[in-house]
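Data block below; observations after.
The values are calculated or read from the model by the stated rules, or taken from the named source; none is laboratory data. Computed from a predicted model, the values in this text were never measured in an experiment. Positions of Cβ are backbone-derived with ideal geometry, glycine not excepted, and every protein chain shown enters the neighbour counts.
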Amino acid sequence: MKTVYAAALAGALGLVAGCAAGDRLYGVSGTVTYDNKPVPRGVIWFDPEPGNKAPQGYALIADGKYDTNGKDGRGVRGGAYLVRVEGFDGKVGPELPFGNRLFPEYQEKKDLDKANGKLDFDIPAKKK
């Protein structure tokens, strides 16, 4: 699992080098909760929808907070995105760099405005 996230982040960081110098990325930050509690660790991805030629944005989640402007993140350009959230319990172990998965990957479509950089997610608990 650790190698999967390391490879994914390395690949995403590698894309930064391919961006033209004049491309301006905008930060997105906020909170991520699951069952009304902060998600201890995770990753949030901003995948551009078809027709949106922007690069993928991402950020690590720590204690329920994320910021694409952080050292482990990359901003967005605005437009239509599919936001994907992966949340973990933070109890690190062998082959579990972020701990155990709290929920299946959560997805939500969002139209991001570069002027509005705050976006919170409250992922509901699975019904038993």
Which pairs have Cβ atoms under 8 Å, sit 6 or more apart or on different chains, and link a residue in region 37-56 that is in contact (Cβ under 8 Å) with a residue 24 or more places away in the chain and among the aromatic types (Phe, Trp, Tyr) to one that is surrounded by 20 or more Cβ atoms within 10 Å (Cβ to Cβ) and outside any strand (DSSP E or B)? Phe46/Val28; Phe46/Thr68
Does Asp120 count as under 22 Å from Tyr34 (Cβ atoms) and at pLDDT 90 or above? yes
What is the residue count in region 77-101 for residues that are assigned to a strand (DSSP E or B) and in contact with a strand residue (DSSP E or B) (Cβ under 9 Å, 6 or more places away or on another chain)? 12
What are the residues in region 42-66 that are crowded, with 19+ Cβ neighbours inside 10 Å, within 14 Å of Tyr26 (Cβ to Cβ) and out of contact with any Leu (no Cβ under 9 Å at 6 or more places or on another chain), if any? Ala59
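Taking the condition of being under 18 Å from Glu105 (Cβ atoms) and β-branched (Val, Ile, Thr), how many residues in region 56-85 meet it?
Taking region 56-85 first, the residues under 18 Å from Glu105 (Cβ atoms) are 56-61, 64, 66, 81-85.
Retained after the next criterion (residues that are β-branched (Val, Ile, Thr)): 61, 83, 85.
Residues in region 56-85 being under 18 Å from Glu105 (Cβ atoms) and β-branched (Val, Ile, Thr): 3 in total.
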Count of region 97-113 residues which are surrounded by fewer than 16 Cβ atoms within 10 Å (Cβ to Cβ) and touching a residue at least 40 places away in the same chain (Cβ under 8 Å): 2
